[in-house]
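No lab work stands behind these numbers, since they all come straight from the coordinates. These figures come from a predicted structure and were not determined experimentally. Methodologically, a virtual Cβ is constructed for each residue, glycine included, from the backbone with ideal geometry; neighbour enumeration extends over all protein chains shown.
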Amino acid sequence: MPIEPPPTPWLFPDFTEPDQDAACPDDLVARGADLAPGTLLAAYRSGLFPMPDGGPGTTWWSPVHRGVLPLRRLRISRSLAKSCRRLEVRVDTAFDAVVAGCADPSRHGGWIDDRIAAAYSELHRLGWAHSVETWRDGQLVGGLYGVAVGGLFAGESMFHRAADASKVALVGLVDLLCDEHADARLLDVQWRTDHLASLGVVEVPRAAYVRALRSALELPLPAAWR
């Protein structure tokens, strides 16, 4: 079971309050604080996540239109199904290597710096952050990582070095989450993109996301992470 870290001294916007959503009309909702485990968990429990924007201090985001993947709506094309048969899926066997793959500076739009990598490595050590990896012939070829709190899995980033390798990791993640609580679990992907939409990701308003989050946090972790 995950180890609960010391609580954070920082306060985040509370989007369960009726006026808070209107008070934060943009995706960027806060700046500052730290990346201690307790701070990160408090942020996820409030519907926020960190992502550097090139400016000073840590920036915290809660998209007005949140990307989520309803587990029953995952779309697996014929070509992806073939890739699933060709690649091996593992869980939590190469967390730091997955983060390093996601942080590859040659990738367009890379945002994972050393501070982020170290913070999530510590969160993984405590049992909150997890990787789902794809392997071929003993080589890591793709994967994703994120944070699991109750029935929430907050996806942070994914990468691939072989065709469909990150998509296969997503299929593996959905398999892990599809238990008797699947309809109430929340798979957060931050923002909807055309690529993610092709896999079944939809947008929900921030207020609806926070309502779903409140319920999801009451659920037990998936069996793989208990």
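Consider Gly57 against the criteria (1) within 19 Å of the chain's Cα centre (by Cα); (2) within 29 Å of Ile3 (Cα to Cα): it satisfies all of them except one. Which criterion is unmet?
Answer for Gly57: the failing condition is (1).
State yes or no: is Gly67 under 19 Å from the mean Cα position of the chain (by Cα), over 18 Å from Ala119 (Cα atoms) and surrounded by 13 or more Cβ atoms within 10 Å (Cβ to Cβ)?
Yes, satisfied.
Please work out which residue is surrounded by the fewest Cβ atoms within 10 Å (Cβ to Cβ), limiting yourself to region 198-218 and to residues that are more than 13 Å from Asp188 (Cα to Cα) and within 17 Å of the chain's Cα centre (by Cα).
Checked region 198-218; the qualifying residue surrounded by the fewest Cβ atoms within 10 Å (Cβ to Cβ) is Arg214.
Search region 1-54 for residues being in a loop (DSSP other than H, G, I, E, B) and charged (D, E, K, R), and hand back the single one that is farthest from His130 (Cα to Cα).
Asp19
Quick check on region 13-34: of everything there that is touching a Cys at 6+ places or on another chain (Cβ under 9 Å) and not aliphatic (A, V, I, L, M), which residue is surrounded by the most Cβ atoms within 10 Å (Cβ to Cβ)?
Our first condition is that a residue be touching a Cys at 6+ places or on another chain (Cβ under 9 Å); within region 13-34, this holds for 13, 15, 30.
When the remaining residues are screened for being not aliphatic (A, V, I, L, M), the result is 13, 15.
Details: Pro13: 17, Phe15: 22.
Checking each candidate, the answer is Phe15.
Just to check your reading of the model, which residue among Ala154, Ala169, Ala184 is touching a residue at least 12 places away in the same chain (Cβ under 8 Å), assigned to a loop (DSSP other than H, G, I, E, B) and not β-branched (Val, Ile, Thr)?
Checking each option against the conditions leaves just Ala184.
Given (1) in a loop (DSSP other than H, G, I, E, B); (2) over 27 Å from Ser121 (Cβ atoms), identify the lone condition not met by Gly57.
(2)
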